[in-house]
Amino acid sequence: MNTKQLTFTFTALAVGIAAGWGIASWRSSTQHGAVGAVAPASAASASAERKVLYWYDPMSPTQKFDKPGKSPFMDMQLVPRYAEEGAAAAGSDPGLAVSTQAQQALGLRLVTVETRAIGASVEAVGTVQLNERDISIVQARTAGFVERVYARAPGDVVAAGAPLVDLLNPEWLGAQQEYLAVKAVGDAALARAARQRLLLLGMPVATVDSIERTGQPVAVQTISAPAGGVISELMVRAGMTVAPGMTLARINGLGTVWLEAALPEAQAAAIQPGQAVEARFAALPGEMVKGRVAAILPEGNRETRTLRVRIELPNPQQRLKAGLFAQVSLRGPQRQALVVPAEAVIRTGKRALVYLSEQPGRYRPVEVEIGEQVADRIVIRSGLAAGQQVVASGQFLVDSEASLQGVLARAAAPAAPAASAAPATGTTAGKPAAPAEAHRGRGVVVAIEGDMLTLTHEPIPSLQWPVMTMPFKLAGRQLAQGLAKGQTVEFGLAKQGDDYVITRVGAAR
């Protein structure tokens, strides 16, 4: 091959390579241009398919706007609410959608609402006190002088009939001598009168019989304990002068003792007099003393918000001493009740909420009426049914997100009222009264879905609302009867909770 042929060959090869590179570059740029043109179109198509109902401020979700822009409340952009989200957000099916990944991140845990046999079981600490109903008062029946006080002091335990003090009674001595003199005369009538005088002076019958039998007056009287117990007060000493009716001693019985326990107000409501009680004492290890609730005292402690419960315990061997501490267990009768874990209930101060899971990944706040708490369970009086599932952990994060999205709680269904002879104004037979109309508007029907009506309404001056398209909840499904899309209507609004409900709607005049 000569030089010319080689030159021609290399030139042709270079031209071919350049041409191939140019064609490849052109095709690549063409494809990228096509893809770039299609991508925005697809995005625009997807955006067009998702219909925006209104815009709202996440920090004030109840206020709705008809166009995007900056929120008048916060320095942030308004967020669109799409049609597929409208039903849940507007109230027809209030709920919050949470993805599986978010559930795992929040640590959501569901529990089942169940019916259990519960009873009022209360644990408390009590203090032993003397039984104030078992008290004996020893008094002087006549004036005299204290001749002797037996070896007694406050705190001593005495038996019934034990001597306490010897008194010299001059008045009794004179009356006894007079009686013996009259009896010696032999006048039976006078003798009976003199004997009766001795009894009226307060002299015991046994003493009078002894005088009549022996013929000797008794100058010193021994006063004994009328009942056994502990001497709580002893007010006499040797050499004292006593007057009629003066209290000499106070004796408190020990056959039974009181155990007073302070219970929280919510727990004390379930305790009734006569209820069985079990008490355990550190001073009596391994023993249990059974008693009963004697009374629930009528005055509570204003500082600790507790009520005092008085428990009566038997004390046959006098081993229970005043001042001992005891662990008290009060158990009431069993009953069936609907319960959930106490941690599942969110208490706001005005109401109690739980988050109900009716379908996977969707949660709805429900207002419930709660009762007493037993251990780690709390009684649900209304708002839930057995078998439903509620959120037991992570519900505070769900509640925060629900508040940002404007998801409102459904109140617990009230009991059906009794039918009255004449319905009140604003009601119909068998139907509850609708909320009072507070605002009026005019608009065009966009969509009708169950108890939801979407309107493009004119400005509403009373609410300072501009023209916008938004869904409204109907006070009753019957209000949508006869309406059609595109129809111009006049309507009335009333605030219900945090949202506005249509209470009246009809064709515009």
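The set of residues from the stretch 284-302 being in contact with a strand residue (DSSP E or B) (Cβ under 8 Å, 6 or more places away or on another chain) and among the hydrophobic types (A, V, I, L, M, F, W, C) comprises 288, 289, 293, 294, 295, 296, 297.
The residues of the stretch 128-160 that are of a type in the set (S, T, N, Q) and part of a strand (DSSP E or B), listed by number, are 129, 136, 139. When the stretch 255-274 is limited to residues that are of a type outside the set (A, V, I, L, M, F, W, C) and in a strand (DSSP E or B), the one that is farthest from residue 377 (Cα to Cα) turns out to be 256. Please verify whether residue 206 is modelled with pLDDT under 85 and either of a type in the set (A, V, I, L, M, F, W, C) or in contact with a helix residue (DSSP H, G or I) (Cβ under 7 Å, 6 or more places away or on another chain) (or both), treating the condition exactly as stated. Yes. Screening the candidates 181, 266 for the property of being more than 21 Å from residue 162 (Cβ to Cβ) and either modelled with pLDDT of 90 or more or more than 46 Å from the chain's Cα centre (by Cα) (or both) yields one hit, 181.
Here residue 231 meets each of (1) among the β-branched types (Val, Ile, Thr); (2) over 20 Å from residue 158 (Cβ atoms); (3) at pLDDT 90 or above with one exception, condition (2).
Can you find a residue that is closer than 24 Å to residue 350 by Cβ and modelled with pLDDT of 85 or more anywhere in the stretch 447-467? Taking every residue of the stretch 447-467 in turn, none turns out to be closer than 24 Å to residue 350 by Cβ and modelled with pLDDT of 85 or more.
Among the residues of the stretch 491-509, those that are touching a Phe, Trp or Tyr at 6+ places or on another chain (Cβ under 7 Å) and without any contact (Cβ under 8 Å) to a residue 60 or more places away in the chain comprise 493, 502, 505.
A single member of 309, 277, 328, 293 is in contact with a helix residue (DSSP H, G or I) (Cβ under 7 Å, 6 or more places away or on another chain) and assigned to a strand (DSSP E or B), and it is 309. What's the number of the only condition in (1) modelled with pLDDT under 90; (2) surrounded by fewer than 17 Cβ atoms within 10 Å (Cβ to Cβ) that residue 255 fails to meet? In the conditions (1) modelled with pLDDT under 90; (2) surrounded by fewer than 17 Cβ atoms within 10 Å (Cβ to Cβ), residue 255 misses (1) alone.
Checked across the stretch 247-258, the condition of being closer than 29 Å to residue 302 by Cβ and either in contact with a Ser or Thr (Cβ under 7 Å, 6 or more places away or on another chain) or touching a residue at least 60 places away in the same chain (Cβ under 8 Å) (or both) holds for at least one residue.
Quick grid of which residues meet (1) β-branched (Val, Ile, Thr); (2) within 11 Å of residue 504 (Cα to Cα); (3) in contact with a strand residue (DSSP E or B) (Cβ under 8 Å, 6 or more places away or on another chain):
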position: 443; (1), (2), (3): no, no, yes
position: 448; (1), (2), (3): yes, no, yes
position: 481; (1), (2), (3): no, no, no
position: 487; (1), (2), (3): no, no, yes
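Tell me which residues, restricted to the stretch 466-490, are under 19 Å from residue 63 (Cα atoms) and without any contact (Cβ under 8 Å) to a residue 60 or more places away in the chain. Passing the criteria: only 474.
Yes/no matrix, rows are residues, columns are (1) in contact with an Asp or Glu (Cβ under 8 Å, 6 or more places away or on another chain); (2) basic (Lys, Arg):
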| site | (1), (2) |
| --- | --- |
| 310 | yes, yes |
| 321 | no, yes |
| 328 | yes, no |
| 350 | no, yes |
| 353 | yes, no |
| 364 | yes, yes |
| 374 | no, no |
| 380 | yes, no |
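No other residue among 377, 319, 364, 308 is in the same structural domain as residue 119 (by TED's automatic domain parsing), buried (at least 17 other Cβ atoms within 10 Å of the Cβ) and under 16 Å from residue 129 (Cβ atoms) apart from 308. Considering (1) surrounded by 13 or more Cβ atoms within 10 Å (Cβ to Cβ); (2) among the basic types (Lys, Arg); (3) not in a loop (DSSP other than H, G, I, E, B), the lone condition that residue 335 does not fulfil carries the number (1).
The values are calculated or read from the model by the stated rules, or taken from the named source; none is laboratory data. None of the values given here were measured: they were computed from a predicted structure. So basically every Cβ, Gly included, is an ideal-geometry build from the backbone, and we count neighbours across all protein chains shown.
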